[in-house]
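Quick notes on the structure that follows.
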Amino acid sequence: AQDEDDEIFFEEDSDLEPPKKRARPTQKVTGGDDGPRPPRLPPRPSCRPLLPPLRIAQIRAASEPRPSRRPSDIPVKRSREAFEGKIVNSLGKDATMPDLWAVQSHIKELPDTLRLFPPCVSYCYQWMLRTGRRCGLKCKYLHAKLPRGSAAKSIATESLGQFSIDDGFKKVSNFILRDLTKDLAEQRCFILDGESGATINTLKRSADFVLAPNVDAAATKALQAKCVTASSTSFTALVVASCAKVQFGCVYLDYMWPSDYFESTQLELTKYLAKNDENRNGRNGGPSDRFSACKEYADASLTDGIHDVELLVLDAGHCLLSSTGAVLAVTIVHSKKSTEAKQRARLEKVLVKGAELHKASLHFLGYTKPSGRPVATYFYAWNTKVTKGFSPNLSKKHQKLAFFKKSRKLHTAKGGA
């Protein structure tokens, strides 16, 4: 509308035929000087529009402020704090026991709407934004509106697929995490692991000391013999653990998508819904499936990896990272939209703010990174004495994936341990 307002509709130097009516006609010259000629007035500028009246009316209507949509048309952004409050309010009064098995019990008592991702996360992002466009035969996400009822949840779980990866890069990260945390006073761990339990197996902790939530029911069942597990998102599990005043010496947030994925996707969809109405109505006059899917996704209560990190360190009343020392590993999956530098800067900003809040020291230790994949795992020491020149004990083959020569201090403890 702004570009249309800037168009010129009336043009003074137009090549259109000038108006017929003039001031006064000049006298015809027949020979000598018949006296002074009357002054010629400048012609009136052409008032003939270059655009038809209908188009001008459309442009003027577009330039006027549009009436606000109904509240049901634009998704309402639900904050992380509001969703956290819902979880806390749903917990019983006895949810303050700092025991991982008690945490598991309280997680299981929560309704599915607070424990699991909503079914709409199964929708393909490309399908929602581009009509009829599919992102490839290997896409595990849905390209159609989910049906209502219990079947939607099973379809959502199947479309998410098995994202667990256990390659050389993951093994190196597991070895480094084990070496960094084996001598810490606090041995309890919070691990995001796959069905095989590769990280849990490498750490070699007692099952009572590892809390490993997973949204996949099959993975949860497979991990039962190795750790304290529950069918839950990492965010919900951390909220319950925080209420129980649990602290961890080892935290491995091994994400399989960018740490701001849902946040950025919901923002894009909200903008799309506000600007594009051409596919609002379906064949039967009601909202189209794609439009309904976009709205359902944009309106959902979704939390990202960065929100997990905020839960770890930004609660003034309780820090989930142990005051006696902890190691945090965060996997960053990056893309053109969510770059590695952008995600890392936001991650460290949250960690530094938390270190200031709890008067803890914070060191960046190093990172692991494979070749050919847009992913890296960053390691941080919280309130822990860091040996200068730390180098993980790895084989020559695996050393190519680890970069620990540029560790640095991000915050100095003030009154902390």
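The values are calculated or read from the model by the stated rules, or taken from the named source; none is laboratory data. Quick caveat: nothing in here was measured; it's all calculated off a predicted structure. Cβ sites come from the backbone with ideal geometry, for glycine too, and all protein chains shown count toward neighbours. Heads up: the accessible areas ignore ligands, DNA and RNA and are worked out on the full protein's heavy atoms, side chains in. Shrake-Rupley method; radii C 1.70, N 1.55, O 1.52, S 1.80 Å.
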Work out the length of the dipole vector of the range 178-270 about its Cα centre, built from +1 on the beta-carbon of each Lys and Arg and -1 on the beta-carbon of each Asp and Glu, and round it to the nearest 20 debye. 480 debye
In bins 10 Å wide, starting from 0, what share of all Cα pairs of the range 178-289 does each bin hold, as a percent? 12, 34, 23, 14, 12, 5, 0
Listed residue pairs exceeding 18 Å between alpha carbons, taken from K171/K396; K86/K342; K245/K353; K342/K414; K204/K397: K86/K342; K245/K353; K342/K414; K204/K397
Accessible area expressed per residue, the range 306-404, with surrounding protein chains retained (probe 1.4 Å, Å²): 46 Å²
List the residues, sorted by chain then number, that are 5 or more residues from H411 or on another chain and whose placed amide H is less than 5 Å from its amide H. L362
Interchain or sequence-distant (5+) residues whose placed amide H lies within less than 5 Å of the amide H of L142 are Y123, C124
Two-site label geometry, Q126 and N276: point separation in nm, points 7 Å out along Cα→Cβ: 1.4 nm
Please compute the net charge surrounding K336, taking Lys and Arg as +1 and Asp and Glu as -1 over other residues with Cβ under 14 Å from its Cβ. -1
If you count only protein heavy atoms with a 1.4 Å probe, what accessible area per residue comes out for the range 165-242, rounded to a whole Å²? 34 Å²
